[in-house]
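J.: Quick one: structure below, then a few questions.
The values are calculated or read from the model by the stated rules, or taken from the named source; none is laboratory data. This is a predicted model, so every value here is computed, not measured. Quick reminder, even Gly has a Cβ in these numbers, built from the backbone with ideal geometry, and neighbours come from all protein chains shown. Protein only, heavy atoms only, side chains kept; ligands, DNA and RNA dropped before computing areas. Shrake-Rupley method; radii C 1.70, N 1.55, O 1.52, S 1.80 Å.
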Amino acid sequence: MSQQTIDFTLNGVPTRVSVPVQMSALEMIRNVAGLTGTKYGCGEGECGACTILLDGVSLNSCLLFAVECDGRAVTTIEGLAADPVGLRIEKAFVDAGAVQCGFCTPGMVMQAKQLLEQNPHPSREEIQRGIEGNLCRCTGYVKIVDAIEAASKE
Amino acid sequence: MPEAIQKDTLIGKRITKLDAPEKAGGKTRYIQDLDVQGQLYGKILRSSRVHAKIKSIDTSAAKALSGVHAVITAADVPYQRPIGVAKDHFPLKTDRVRSLRDEIAAVAAESEAIAEAALKLIRVEYEDLPVLADPNESLKPGAPLIHPEPHGATAKHDHLKQAQGIAYAGKPDNIAMVFDYAQGDVAAGERESDVVFEDTFHLHYVTHCCMGVSGIIAEFDSSGNLLMYSNTQVPFLHKREFAEILAMDPARIRIIQPPIGGGFGSKLDIYPFEPITVFLARATGRPVKLIFTREEEFLASPTRQPVILTLRSGCKKDGTLTFRTVSTLHDNGAYTSWGATTPFVMMQTISSLYRVPHCLYHTKAVYTNNPYAGSFRGYGNLQATFAVEQHMDMMAEAIGMDPLAFRLKNAQDPGEVTPQGMHFKSCGLKECLTTAAEASGFLAKAGANRANRDKPGRFKHGIGIASMLHVGGGAKIYPSDGCGTILKMDDFGSVTLITGASEIGQGSETVLAQLVCEELGLPLSAVRVINNDTEITPWDVGVHASRTTFIAGNSAIGAAKKARGKILAAAGKMADLNPDELDLRGGHIVEAKSGKVVMTLAKLLRQLHFSDKAELVMTSFYYEPPSKHQDKHFKGDVSAAYAWATQVVEVEVDTDTGIVRLLKVTGAHDVGRVLNRLGIEGQIEGGIVMGQGYALTEELLVENGVVRNPGFRDYKLVTAPEIPEMDVRFIETMDGEGPQGAKGVGEAPAICIAAATANAIENATGVRIMALPFTPEKVYRALKAKGQHH
Amino acid sequence: MTALDNYIAPTSLEQAVEQLQELGEVTILAGGTDLMPQANAGRVKFKRTLMNIRRIPELRGIVREDGEIRIGALTTIAEIMAHPLVSEHLPLLVSTGDHFASGQIRNAATLGGNICNASPAGDTLVPLMVLGASVELASKPDDKLFRRSMPLPEFFVGPGKTRLAPAELLTAVRIPIPPKGFVARFHKFGTRPALDISAISIGVAGVLKDGKLSQVRVAFGAVAPTPVCGCATEEALEGKKLDAATIDAAAQAAQDEVHPISDVRASAWYRKEMIHNMTRRILEDVAANH
């Protein structure tokens, strides 16, 4: 099995890891870098639980080859602890009651961060479209949309 | 220290969840995120045949693979005992496989990749057997038997004894369970009827789709004690069950429940992967972690019970219901899990959602080679309500009565004791009906839609109504339906609440903390909840039947009241005041009338602790609800309270495509009392969308025992852009037994969406569809058949 | 175990096609959104070498060249949707992108990848066909870079199968800038805005002048092993006044000329019905709005 050494920044920290070529960024983040906030939900890009930012752009990390992170900036939910917009979104999720089992929440927060960066004042409909790639089984999405809307108004 | 503190309450406020900040920041460690020092990774080899004899299994190549610690088959665990509700299968299958999910062998290896590679090296030789994919086929004389050989085990579930002919393998037919219930005389009821309908309804396979896939970690310590990190919803029952399966002392089993990525009833039974992981830990002497893939989750976790339901109902011209006869056929799948027992709930809706004098109910659960059904939020009630509430509309129309008036005429009132023995001490059904109908403009819209439906135009609008009854005060199906609480206070006025009730994301720990704060006059920040370790927490029957707020809530209140009594008595003594005139507010002891502060709670606790008597405030309470077991005729007041709801659904039907869009849901829910407004809204909104998925988008496609869509690409959960507008109203009937008047609400909101949607589609198009889900193709076909396609 | 034992990430087109020629057994990685799940499910077997082509600048970007818009194969769906040349000249691709998977996938999936996957339900294929797109292919069989191009419909052979030669790379898509009076519609059948594999899709384009359609192109997705041209439907429309009778005839022609299969997403019967009804609705919309 071919291993590849890659250098990238993980939440701002220069990082070097050696990974099998076919490993996903999700596996690398969880099992090699040890950050478990990014979740495995389906492995097919259908649920959004593994959403991360690569050079500021949101992606399903389960579909991303880890080797493609070489030379780039990876941001995970843990990285939002140092980001004012990220923290505002997380607080809005708590305050709006947007968290139930919480398994989809990190991915939702990451996608919300992307959405608000591209469109700081989205309509409710735009928020719903913005998170169409993130599945939630608990909340019925209403309070997640409330949370993102509230975060956009602060 | 403030001079005076006035009474305040947390009840009915919008309280944020205690566990939400950790979850939103990605810091919560679910079972998938836990690692135990020295752990190996488990994987299971499942059958590649639907129904076959196992001729041979060759594991030698897998065992030889570098990094593989153990490869086991049934032959390696001769001590294994049968599992499941009817004890009709072994964790590792012995001589035959009966469905595609069946477990044949398991591997423990140093990585998931090695374990997977090892699975591919195991050779299994099968001899195919005929496949039974339709329960009707299973019933035919001469049908092949799915469980021909006795396992030598009998079901130990006391509460199932009423079920006649309960499945024990080795029976001469494929019938897993039979339920019969009767009240009154349906023949007499039919003679009084002016209108009679009989129809057959088809309810499909759906599955829970918890966002966190299933998993477990099992490890033995050097004394042979077993520790499992498990997602179970019923840790205390499982201690006993695991002990039986593993032939070990239950006292040596400890279950820790990490935060769970969704439950919805899916974790009420023991599934083969759990004991298999324990077998692997035993075989290797190492901790073993086993996590499903999403595909495995679709193939090998339970489903909602699929049902073929024939309903015959009647009423008089004046709108009085006369009788109902129900016959259902449950596709049991290859093994018996909780799905087979959903008649417990289904018959309640049939007999008691509305007043019906005469009822006859018969169910057969029949073995097939399909996936098997477990418990799922609503537990049979979605299926029963789908049929009953469509017939309500049909009968109303036949006698020329509006659907609302017809329901109101037959609706239950508070105080009613139904022929099935349920006592509705609080009942807000009539208020639910009128509130939902008025808030949605139901009657006016229904009339307008009806007038519009035969006019040209591609898009048709419809509105439909349905109501539901569900247990709201626990369900006494086990010898005890109770929950224990231990409450301890520290020297600084903080509370540790140790409860048997598990949090599965629904917000129970927050509402329990809230109830304790209410008794002890504390802010929420003063309470920590411990709820996930059988070694620490007191017994609870489990998270099911919408019972946690009601049962665990009353238990927490009981413990808190004892602490309060002790604190006030001590305070009265210290301050030389009458304890009855004291109160606890904002972390202080105050005079109840004036609010005048007497001392801080922390100070009192320290004085108690460090006095000559050296006392701590530690209390415990066990709450058992005043409900009854059903007798052998399924009669009895099985819950301490009952929850009610009416939902009105508005749809748009595209007659060109058959696509049905849910535009709006107006719900009125008798919840007893709102405790945490934020939490209860979240439960109802989530339930509505789960009901929407059941009605419109979700279907596990099973063809000849093969699941055709084991992934989110073709098993369609509702996504954010599809959700309807929601208007949720709360009917507060202040149940006398409920904690602060509250009743259970967890399952209720999912129950009537499909029924109301069916009625809405009929209102829009004149076409009534009695099979779920309402996929575009099914609706289009029905429209086309009735010439309603424009 | 996988035979994959080599990883390369060339930084120029020349280098990439040279290595392709030399190594032979190569799996190409572009956006990865399809390759990763397909490989995990065992539907795609990795060859010996994984070539990541994302570091090749020549494969990116959108430019106007000789009356055509050239879209580099590595351009993501999100980049296409946001590009001013696309919104000005090819608005159909913006609305197509809006129905493509999800935000996260639009950020990763590339146009070239969607084409090379050659799924009969691939979201961009039908719109590209009715826009008259051609693909640009490059290889280096000897010392010289060899380029060829091919009209898109010819590129597809079967599900997952194309005319791409083993040592060849798809470098770009070229789309003629539509003439005045050009109208185009794409309908992806589904119950939700995106994140859906279409049960059928329909593309219709042509030049509308004085109520008549000419230079008509019709294509259908998910009704055959590849996206297909709707030749009979085109004929029913070409040069005709777009009135109710023409629309009826075209919808009927569409229904008659497709031969879909039944699968988990829809039955053949329903697919044919939807081809009919949606073709009609598209044409009615064109007639009403121009």
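J.: How many angstrom separate the Cα center of the stretch B:201-245 from the Cα center of the stretch C:193-248?
T.: Each part reduced to its Cα centre gives a spacing of 54 Å.
J.: Then there's this: If contacts are Cα pairs under 8 angstrom and at least 6 residues apart, what is the relative contact order of the stretch B:641-683 in percent?
T.: This gives 39 percent for the stretch B:641-683.
J.: Please label the shape of chain B as rounded, prolate or oblate, based on the square roots a ≥ b ≥ c of the eigenvalues of the alpha-carbon gyration tensor (a/c under 1.5 means rounded; beyond that, a/b larger than b/c means prolate, else oblate).
T.: It comes out oblate by the Cα gyration axes.
J.: Cα centroids of the stretch B:254-330 and the stretch B:723-779: how far apart, whole angstrom?
T.: 21
J.: Here is a follow-up. With a sphere of radius 15 Å drawn around the Cβ of B:ALA559, what net charge do the other residues whose Cβ falls strictly inside it have (Lys, Arg +1; Asp, Glu -1)?
T.: +1
J.: May I ask for the accessible area buried between chains C and B, both sides summed, probe 1.4 Å, to the nearest 100 Å²?
T.: Using a 1.4 Å probe on protein heavy atoms, the buried area is about 2000 Å².
J.: Taking a probe of 1.4 Å and counting only protein heavy atoms, give the total accessible area buried between chains A and B in Å², rounded to the nearest 100.
T.: In total, this chain pair buries about 3600 Å².
J.: What are the ³J(HN,Hα) values, in whole Hz, obtained from phi via the Karplus relation 6.51 cos²θ - 1.76 cosθ + 1.60 with θ = phi - 60°, for each residue of the stretch C:237-243 in sequence order, with x given for Gly and Pro?
T.: Calculated HN-Hα couplings, in order: 9, 4, x, 8, 5, 7, 9 Hz.
J.: In degrees between 0 and 90, to the nearest 10, how far off the longest principal axis of chain A does helix A:142-153 point, with axes built from Cα atoms?
T.: 90
J.: Quick check for you: with a 1.4 Å probe and neighbouring chains kept, what is the accessible area per residue of the protein assembly as shown, in Å²?
T.: Heavy-atom accessible area per residue stands at 34 Å².
J.: List, in order, the whole-Hz ³J(HN,Hα) value for each residue of the stretch B:9-22 obtained from phi through the Karplus relation with A = 6.51, B = -1.76, C = 1.60 and θ = phi - 60°; use x for Gly and Pro.
T.: 9, 9, 5, x, 7, 8, 9, 6, 6, 4, 8, 5, x, 4
J.: Using the alpha-carbon atoms, what tilt in degrees (0 to 90, nearest 10) does helix A:105-118 show relative to the longest principal axis of chain A?
T.: Rounded to the nearest ten degrees, it is 80.
J.: May I pose another question? Once amide H atoms are placed 1.01 Å from N in the peptide plane, what residues at a sequence separation of 5 or more from B:VAL745, or on another chain, have their amide H within under 5 Å of its amide H?
T.: Answer set, sorted by chain and number: none.
J.: Still on this model: Nearest 10 degrees, 0 to 90: what angle lies between the long axis of helix A:84-96 and the longest principal axis of chain A (Cα atoms)?
T.: Helix A:84-96 sits roughly 50 degrees off the main axis of chain A.
J.: Nearest 100 Å², what total accessible surface is buried between chain C and chain A (probe 1.4 Å)?
T.: 2400
J.: Cα centroids of the stretch B:633-708 and the stretch B:450-475: how far apart, whole angstrom?
T.: Answer, in whole Å: 12.
J.: If r is the Cβ-Cβ distance from B:LEU145 to C:ALA268 and R0 is 51 Å, what FRET efficiency results, to the nearest 0.05?
T.: 0.85
J.: Still on this structure, please answer the following. Over chain B, what is the mean sequence separation of C-alpha contacts under 8 Å (at least six apart), divided by residue count, expressed as relative contact order in percent?
T.: It comes to 16 percent, rounded to a whole number.
J.: With n ≥ 4 as the cut-off for DSSP H runs, can you work out [θ] at 222 nm for chain C, using -39500 (n - 2.57) per run divided by the number of residues, rounded to the nearest 500?
T.: -9500 deg cm²/dmol
J.: Moving on to the next point. Want the number for B:ASP580 to B:ARG708: 0.36 nm per residue separation, take away the alpha-carbon distance, what's left?
T.: That works out to 39.4 nm of additional length.
J.: Further, regarding this structure: In nm, to one decimal, how far is the B:HIS202 label point from the C:SER12 one, both placed 7 Å along Cα→Cβ?
T.: Inter-label distance under the simple model: 6.4 nm.
J.: For the stretch C:116-121, what does the Karplus curve 6.51 cos²θ - 1.76 cosθ + 1.60, with θ = phi - 60°, yield as ³J(HN,Hα) per residue in whole Hz, taken in order and with x for Gly and Pro?
T.: Rounded to whole hertz, the list is 5, 5, 6, 6, x, 9.
J.: Among the listed pairs B:LYS562/B:LYS628; B:LYS13/B:LYS613; B:LYS43/B:LYS716; C:LYS212/C:LYS272, which have their C-alpha atoms separated by more than 29 angstrom in this model?
T.: In this structure, B:LYS13/B:LYS613 exceed 29 Å between Cα atoms.
J.: Please state the relative contact order of the stretch C:149-216 as a whole percent: Cα pairs under 8 Å, 6+ residues apart?
T.: 21
J.: With a 1.4 Å probe and all protein chains left in place, how much of the accessible area of the stretch B:291-412 comes from carbon and sulfur atoms, in whole percent?
T.: 58
J.: For q values of 0.11, 0.16, 0.18, 0.21 Å⁻¹, compute log₁₀ I(q)/I(0) with the Debye formula on a Cα-only model of the stretch C:26-104, without solvent.
T.: -0.38, -0.73, -0.85, -1.00
J.: Also: Using Cα springs under 10 Å in a Gaussian network model of chain C, which residue among C:ARG148, C:ARG280, C:ARG217 shows the largest mean-square fluctuation?
T.: Looking only at C:ARG148, C:ARG280, C:ARG217, the largest GNM fluctuation is found for C:ARG148.
J.: Let me ask something else about it. Calculate the dipole size of the stretch C:62-108 relative to its Cα centre from +1 charges on Lys and Arg beta carbons and -1 charges on Asp and Glu beta carbons; express the result in debye to the nearest 20.
T.: 160
J.: So, with a 1.4 angstrom probe, what is the percent of accessible area on the stretch C:6-55 that is carbon and sulfur?
T.: Here carbon and sulfur together make up 43 percent of the probe-accessible area.
J.: Dipole magnitude of the protein assembly as shown about its Cα centre, charges +1 at Lys/Arg Cβ and -1 at Asp/Glu Cβ only, in debye to the nearest 20?
T.: Computed charge dipole of the protein assembly as shown: roughly 660 debye.
J.: What does the helix-only formula give at 222 nm for chain B: each DSSP H stretch with n ≥ 4 adding -39500 (n - 2.57), the total divided by the residues, and the result rounded to the nearest 500 deg cm²/dmol?
T.: Taken over chain B, the calculation gives -8000 deg cm²/dmol.
J.: What value, in deg cm²/dmol to 500, does the helix sum -39500 (n - 2.57) over DSSP H runs of n ≥ 4 give at 222 nm once divided by the residues of chain A?
T.: Result for chain A: -9000 deg cm²/dmol, rounded to the nearest 500.
J.: Carbon-plus-sulfur fraction of the accessible area of the stretch C:183-289, 1.4 Å probe, in percent?
T.: Percent of accessible area from carbon and sulfur atoms in the stretch C:183-289: 53.
J.: Restricting the count to DSSP beta bridges whose residues both fall in the protein assembly as shown, what percent are antiparallel, rounded to a multiple of 5?
T.: Beta bridges within the protein assembly as shown, antiparallel portion: roughly 80 percent.
J.: Taking chain C as a Gaussian network, where each spring joins two C-alpha atoms under 10 Å apart, which residue of C:THR75, C:THR49, C:THR226 fluctuates the most?
T.: Of C:THR75, C:THR49, C:THR226, the Gaussian network model singles out C:THR49 as fluctuating most.
J.: Give me the residues in the stretch B:719-761 whose solvent-accessible area, probe 1.4 Å, is reduced by at least 50 Å² once all protein chains are included instead of the chain isolated.
T.: B:THR719, B:ALA720, B:PRO721, B:ILE723
J.: So which residues in the stretch A:39-77 end up with at least 30 square angstrom less accessible surface once the other protein chains are there, compared with the chain by itself, probe 1.4 angstrom?
T.: At a threshold of 30 Å² (probe 1.4 Å), the residues of the stretch A:39-77 that become less exposed are A:LYS39, A:TYR40, A:GLY41, A:GLU44, A:GLU46, A:LEU59, A:ASN60, A:LEU63, A:PHE65, A:VAL67, A:GLU68.
J.: Can you give the local net charge around B:THR232? Use residues other than it whose beta-carbon is closer than 14 angstrom to its beta-carbon, Lys and Arg +1, Asp and Glu -1.
T.: Around B:THR232, the charge tally is -2.
J.: Shape call for the stretch C:6-55 from the C-alpha gyration tensor, a ≥ b ≥ c root eigenvalues: rounded (a/c under 1.5), prolate (a/b greater than b/c) or oblate?
T.: The shape class here is oblate.
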